[in-house]
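Note sheet for the following structure.
The values are calculated or read from the model by the stated rules, or taken from the named source; none is laboratory data. This is a predicted model, so every value here is computed, not measured. A quick note on method: Cβ atoms are made from the backbone with ideal geometry, for glycine too, and the neighbour counts reach across all protein chains shown.
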Amino acid sequence: MNYYEKIGISEFSFGPLSLSSKSFMSECRDFIVLERPFRLWTSEREGRIAVYVMAKEGVSTLEAIRDVAERLRARNVGCAGLKDANALAIQYISVEAESLPEYAGFPWGFLRRVGFASSHVRRGQIIENSFIIRIKGASWSELNRLKAALAGSCTWIYNYFGPQRFGISEPLNHELGLMILKRDLERLLRALEGKKPRGWWERAVLRARGFKDLFKRELRRVMELLVSSYQSYVFNYCLSVVAREGPTSLSEKPYGVVPGVGLSRIDTSKSWINREHADCALSALRSDGVKEESFKLPGVTARLHLRPLRVRVKDCRFSYSSSLGVVALFFTLPPGSYASIVLRELFGQDTSWLSRKCRRAVFKDHL
C-alpha cells in the first residue's frame, strides 16, 4: 500500500503527469502559500487584540504561534488557517497582549502589524489561498504537458484532505485519532513510544496519567487535530470509493460528509448531499468500532460537517525560465483545499518530496 492509499486516496483527477520532483522542496520557496483573509481589522485600536501579517519559512503555523506567544507574552493567539512547515507562507494571525509592537523579527520570518480587531481571527476566515509552485529542472515538453492538463481557466480536482493533515511518520495522525476516539490510552502511549522523532506534544502525551490529561491546555488543540485527521481519512476513503463511478455522480450530488456528531441524523434526501458518500462514512465508522458518541470528548465535540467533493483550481498562470530550467505555476484554491493534492496530480505516486526538510532561502539571514 502506497502512502496516498494509507490516507484514503486512490483516484486521480487529471493526472498523474509524473513530473520529476527530484529537486522540489529543496528550498522552502519552492512552495509558497499566500493567505487572502476577510478584512476583519481597522486602524483604530479597540483593545488588546492586534492583527498581524506573519511571514514564515520552514516552521509550521503552530510552532510559529508558540514562538509569538512566548515573545509577546500573549494571552491568546488566533489564526485563520494552518500552514505547513515545508513552505514559505504569508498568513494572518491575531494577538492579545499588553505590548503589541508594529514589527517583530524571528529566525523563521517576521510579524508586521496591519491593524486592530475587537475579536480574534478564527479558523476558516479566508476567502481563498494562492499558491506558487517552483519545479526546477523542467523541460519545455513538461511545461507543455502541464499547460495542456490545466488548459483554459484550470480544472477541477477531487477535494481530498492533503498529507499535512496526516503527517508522514508512522503511526499516521488518523491512526492516533482513532485510538483517541476508542479511548485506548494504552495503545496510544505504545504507539508514541515507538515514534521517531518525537516533538513536544508527543512527549507531553507520554507524561499523561489518564485520558482526561490529553485535553488539558495546549494538548487539547493537538487532540482535536488528531481526531480531525481521522474524520479526514474517512472523508478521503469514501471520496475515493464514490469517485470510481466517475465525476458525473459528484456533480449531481456535490457534498460529502466529514463524520462526527450528527451523522446519524443527516438527511441524505437533500439534493446537495451525496448519499453514497454518507453511507460509506457510516459503514467505515462501524468497521472501525466508532460510534457517534465517540466524537464527544472531554471539552471537545467533533461535529459532522459537509465538504465539497470537488473544487476548482482557478487562475492558473505559468512562467518558464529556459536558462534556469524552472517552471513556476500560480493558482488559487478555496479555503480548506490542499495544494499538495494538486502536487500529487503533477508528481504521481512519488512522495519523496514529502519527507524533505526544506532549506530557508529567504529568511536564512533574517536576524
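Could you check, for segment 156-165, whether at least one of its residues is on the phi < 0 side of the Ramachandran plot, touching a Phe, Trp or Tyr at 6+ places or on another chain (Cβ under 6 Å) and among the β-branched types (Val, Ile, Thr)?
No, there is no match, as no residue in segment 156-165 is on the phi < 0 side of the Ramachandran plot, touching a Phe, Trp or Tyr at 6+ places or on another chain (Cβ under 6 Å) and among the β-branched types (Val, Ile, Thr).
Out of all the residues in segment 115-146, which are over 25 Å from the mean Cα position of the chain (by Cα) and either farther than 29 Å from LEU324 by Cα or assigned to a helix (DSSP H, G or I) (or both)?
Matches in segment 115-146: GLY115, PHE116, ALA117, SER118, TRP140, SER141, GLU142, LEU143, ASN144, ARG145.
From the list SER323, SER271, SER319, which one is farther than 27 Å from ASN129 by Cβ, in the same structural domain as ARG134 (by TED's automatic domain parsing) and not in a helix (DSSP H, G or I)?
The match here is SER323.
From the residues in segment 1-50 that are more than 27 Å from PHE363 (Cα to Cα) and basic (Lys, Arg), which one is surrounded by the fewest Cβ atoms within 10 Å (Cβ to Cβ)?
ARG45
So if I check each of GLY81, GLY47, GLY8, which one is closer than 30 Å to LEU178 by Cβ and at pLDDT below 95?
GLY81
Report whether or not ILE127 is touching a helix residue (DSSP H, G or I) at 6+ places or on another chain (Cβ under 6 Å), among the β-branched types (Val, Ile, Thr) and closer than 30 Å to ALA80 by Cα.
Taking the combined requirement at face value, the residue does not satisfy it.
If I ask for residues that are aromatic (Phe, Trp, Tyr), closer than 25 Å to GLY162 by Cβ and crowded, with 18+ Cβ neighbours inside 10 Å, which ones from segment 270-323 would you list?
PHE295
Please specify each residue of segment 64-77 satisfying the condition of being closer than 15 Å to PHE106 by Cα and surrounded by 15 or more Cβ atoms within 10 Å (Cβ to Cβ).
ALA64, ILE65, ARG66, ASP67, VAL68, ALA69, ARG71, LEU72
Does PHE12 satisfy the condition of being within 27 Å of LEU143 (Cβ to Cβ) and not β-branched (Val, Ile, Thr)?
Considered against the rule, which asks whether it is within 27 Å of LEU143 (Cβ to Cβ) and not β-branched (Val, Ile, Thr), PHE12 comes out as yes.
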